[in-house]
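Quick notes on the structure that follows.
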């Protein structure tokens, strides 16, 4: 199983990170896409997406102080706030 984690770039990188890269990852057959957002409320926020028939589908989301669980490519659970330690 292939997985990728992407930290969203500030400013103009958002278009690239939300609109351009996900279809490229899907086309490469990357089954799990983890996106880390460092701007806005409840940062850092983590979204876990799984490749489905029509592109990536959200299977998990958590902000600082919450737990996000990834069942694949290996089971792990963490508070996104730990990413800033």
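Coordinate-derived values only; no laboratory data. Keep in mind that this is a model prediction, so the values were computed, not measured.
Pairwise alpha-carbon distances in the chain exceed 15 Å for 56% of all pairs.
Expected output is a single nm value to one decimal: the length gained when fully extending between residue 24 and residue 3, i.e. 0.36 nm times separation in residues minus the C-alpha distance. What is it?
Details: separation 21, 0.36 × 21 = 7.56 nm, distance 1.30 nm.
The span from residue 24 to residue 3 would gain 6.3 nm if fully extended.
Relative contact order of the chain, please, whole-number percent, based on alpha carbon pairs below 8 angstrom and at least 6 residues apart. All intermediate terms of the calculation are to be shown ahead of the outcome.
Values: 151 pairs, mean separation 19.6, N = 85.
So the answer I get is 23 percent.
Summary of the geometry: region 3-29 and region 41-82, compared by the centres of their Cα atoms, lie 15 Å apart.
Full extension of the chain segment joining residue 15 with residue 76 gains 19.1 nm, where the gain is 0.36 nm per residue of separation less the Cα-Cα distance.
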